[in-house]
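No lab work stands behind these numbers, since they all come straight from the coordinates. Not measured: the values here are computed from a predicted model. Cβ placement follows ideal geometry from the backbone for every residue including glycine, while neighbour counts extend to all protein chains displayed.
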Amino acid sequence: MIELKNVTKKYGDFTAVDDISFIVAKGEVCVLIGPSGCGKSTTLKMINRMLEPNNGEIFVNARNVADFKPELLRRQIGYVIQYIGLFPHMTVSANIGIVPRLLSWNREIIEKRVDELLNLIGLDPAKYSEKYPHELSGGEAQRIGVARAIAADPPILLMDEPFGAVDPLNREILQTEFIKIQKKLKKTVLFVTHDLDEAIRIADRILILGDGRIVQNDTPENILARPVNKFVHDFVGADRALKRLSRFSVGSVMRKPKSVKISDDIRKAVENAKGKPNSRFLWVLNKDDKLLGWINTRSVKANQPVENAITRLQHTSMAVREESTLKEALSRMLGEGVKVVPVINGNLKVVGEISLLDIEKVTEEVTDKWLD
Ligand SMILES: Nc1ncnc2c1ncn2[C@@H]1O[C@H](COP(=O)(O)OP(=O)(O)O)[C@@H](O)[C@H]1O
Ligand SMILES: [Mg+2]
């Protein structure tokens, strides 16, 4: 856990961080976001005592950081920055092993740990451990930076725009990997960015900073739905309702699918649909619940088998996965020009359906209070 209590930092007469208080709970990813110069890096550097506050107190796992020797404190706190500064004359494996060596770990244990970390970040140890930093791409170097920061398994991770210098495509890949690794390791993370999309993707909690003060401390869903003032409103942007959709999974919103089996009698199918809302179209499934197509219950003639009435389709062209986001489901609907799509699980079985109306209900939670 990280806790800041009324922390202020001045550079001469200029107050860079102004009386801020917040808590990052154990295992949580808290993203500190705000415009350039608002005091994000200054806040981070006070936590591992690269800077000292003028006022206030900082606690890491309930201990005041002022009571630690800075070097000892930093070994318990992983720190990742934008240009990670790998040592150019040291191999990847030597770079990753720096802190474990400082902690006098046994050599074999360090080697094992380095291999384990390279595997964790998706780089083959056989291929990468003896490389030098100049032989790495920007994205690879950044991954090594993350591996180095967590080498000695520190409970706390401070990350200052760690993916800021990587191109957008690789940045997204790194974010996805980070989310995956964090699920496994459950570090307490304070992550600085000025990229709102990045914050929305990775954060459990977002702290919006403006001019050295905390303007809103909330979940990503609430920040997007209910900005506390015009500053936050303008910062999160006009498309916040759309951005917010990426925080909800299809599985959390979907309904039971309205479907028939290919072997069913058509009359039974149409009777089943009668009187139910949105039941003009039924998904047609095989015996394993896999999607074969759909039928329009209004245009089918009685007495014909489903087989003859079906419009066949590829599940890949229409269905969305239950772990997809509502944003992805919406773009699927817009792309296919349909108001309802089937939802499949990892085994390609149809487990639900989701409609434009279901998505609209979520977007309606967004208030327009700060529009002018
Ligand atoms: N060593 C310093 N001396 C004087 N001013 C500084 C120093 N470091 C940062 N600042 C100023 O403090 C403010 C906050 O800086 P910083 O925490 O680096 O912002 P951010 O990381 O949010 O971009 C900025 O206005 C910056 O110019
Ligand atoms: Mg900064």
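Structure notes:
- Label point at LEU334 placed 7 Å out along Cα→Cβ; residues across region 212-244 whose backbone nitrogen lies under 15 Å: 238-244
- Calculated from backbone phi, Karplus (6.51, -1.76, 1.60) coupling profile of region 115-124 in Hz, x at Gly/Pro: 4, 4, 5, 4, 4, 4, 8, x, 10, 5
- Compactness of region 181-316, taken as the C-alpha radius of gyration over 2.2 N^0.38 Å, stands at 1.65.
- Per-residue 3J(HN,Hα) values for region 88-102, derived from phi via the Karplus relation 6.51 cos²θ - 1.76 cosθ + 1.60 with θ = phi - 60°, read x, 8, 10, 5, 3, 5, 5, 4, 5, x, 4, 5, x, 5, 4 Hz in sequence order (x marks Gly and Pro).
- Theoretical ellipticity at 222 nm over the chain - DSSP helices of four or more residues, -39500 (n - 2.57) apiece, nearest 500: -9500 deg cm²/dmol
- Here the spin labels are modelled as points 7 Å beyond Cα on the Cα-Cβ line, and at LEU103 and ASN64 they lie 2.6 nm apart.
- Rounded to the nearest 20 debye, the dipole size of the chain about its Cα centre is 1200 debye, using +1 on the Cβ of Lys and Arg and -1 on the Cβ of Asp and Glu.
- A simple packing score, the average count of other Cβ atoms within 10 Å per residue, orders the peptides 238-249, 11-22 as 238-249, 11-22, with the highest score first.
- 5 angstrom amide H check on GLY293, placed H, neighbours 5+ away: VAL284, LEU313
- Karplus (6.51, -1.76, 1.60) ³J(HN,Hα), θ = phi - 60°, over region 331-341, in Hz, Gly and Pro reported as x: 5, 5, 4, 5, x, 8, x, 10, 9, 8, 10
- Assigned charges on the beta-carbon of Lys, Arg, Asp, Glu; region 1-81 dipole about Cα centre (debye): 280 debye
- Highest GNM mean-square fluctuation among ILE33, ILE173, ILE96, for the chain modelled with Cα contacts below 10 Å: ILE173.
- Charge dipole of region 160-304 (Cα centre as origin; +1 on each Lys and Arg Cβ, -1 on each Asp and Glu Cβ, all else neutral): 1220 debye, rounded to the nearest 20.
- Projecting the Cα atoms of ALA203, ASN345, ILE262 onto the charge dipole of the chain, computed from C-beta unit charges around the Cα centre, puts ILE262 farthest toward the positive end.
- With bins 20 Å wide beginning at 0, the percent of Cα pairs of the chain falling in each bin runs 25, 43, 25, 7, 0.
- Dipole of region 14-166, positive end: most advanced residue of VAL29, PHE68, GLY138 [Cβ charges, Cα centre]: PHE68
- The DSSP beta bridges internal to the chain are antiparallel in roughly 60% of cases.
- Extension gain for the segment MET50 to LYS5, taken as residue separation times 0.36 nm less the Cα-Cα distance, is 14.4 nm to one decimal.
- For LEU32, the residues 5 or more places off, or on other chains, whose built amide H falls under 5 Å of its own are PHE191, VAL192, THR193, LEU207.
- Note on ASP265 and GLU111: their simple-model spin labels are 7.3 nm apart, each label 7 Å out from Cα toward Cβ.
- Choice from ALA94, ALA203, ALA147 with maximal GNM fluctuation in the chain (Cα, 10 Å cutoff): ALA94
- Remark on ALA16: its backbone amide H falls under 5 Å from those of LYS9, LYS10, TYR11, a criterion applied only to residues 5 or more positions apart or on other chains, H modelled at 1.01 Å from N.
- Projecting the Cα atoms of ALA238, VAL362, ILE81 onto the charge dipole of the chain (Cβ charges, centred on the Cα centre) puts VAL362 farthest toward the positive pole.
- Build a GNM of the chain with springs between Cα atoms under 10 Å apart, and of GLU271, GLU322, GLU52 the one that fluctuates most is GLU271.
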